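Have a look at the structure below before the remarks.
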Amino acid sequence: MSIYEEIEIEDMDYDPLKLQYTYPCPCGDQFQITLEELWDGEDIGICPSCTLQIMVIYDEEDLPLLPGDEEREEDEEDEEEEQLVKATQKQLVVT
């Protein structure tokens with residue numbers, strides 16, 4: 001596999017409706033990689049019109065959450081808060 005260029009994700013355009021990052025390809029089309037692919041550890045953006053590929057440089061913690069992940073994150077926060085409240089209540093009862 002031959003990589004045309006390494007691109008920082010900050011230099012790419014993000015479409016929140018398509019959940020996709022794009023970057024101009026020399027052929028006139030756009031390299032594409034989806035948010036889901038990035039979360040799955042993929043780092044190769046492809047151009048649908050030619051054979052060129054780019055390597056996307058990114059950190060997972062900087063990626064937007066996938067739809068539905070926001071709910072899970074809120075549920076986890078609520079659960080952690082509930083556990084903290086229960087632990088505090090037990091401590092108050094013991095002392």
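The values are calculated or read from the model by the stated rules, or taken from the named source; none is laboratory data. These numbers come from a predicted model, not from an experiment. In this analysis, Cβ positions are derived from the backbone assuming ideal geometry, glycine residues included, and neighbour counts consider all displayed protein chains. SASA here: full protein model, heavy atoms, side chains in, ligands and nucleic acids out. Shrake-Rupley method; radii C 1.70, N 1.55, O 1.52, S 1.80 Å.
Of note:
- Gaussian network model of the chain, Cα within-10 Å springs - most flexible of Thr22, Thr34, Thr51: Thr51
- Taking the 1.4 Å solvent-accessible surface of the chain as the whole, the part contributed by carbon and sulfur is 47%.
- In Hz, Karplus ³J(HN,Hα) per residue of the stretch 21-29 (6.51, -1.76, 1.60; θ = phi - 60°; x = Gly, Pro): 9, 9, 8, x, 9, x, 6, x, 8
- Per-residue Karplus couplings for the stretch 52-60, computed as 6.51 cos²θ - 1.76 cosθ + 1.60 with θ equal to phi - 60°, are listed in order as 6, 9, 10, 9, 9, 9, 7, 10, 4 Hz, Gly and Pro entered as x.
- Per-residue [θ]222 nm for the chain (sum of -39500 (n - 2.57) over DSSP H runs n ≥ 4, rounded to 500): -11000 deg cm²/dmol
- Per-pair calculated FRET efficiency, R0 = 22 Å: Glu61 and Asp29 via Cβ, rounded to 0.05: 0.15
- Looking at the chain alone, DSSP beta bridges between its own residues are antiparallel in about 75 percent of cases.
- The chain shape via C-alpha gyration tensor axes, a/c threshold 1.5: prolate
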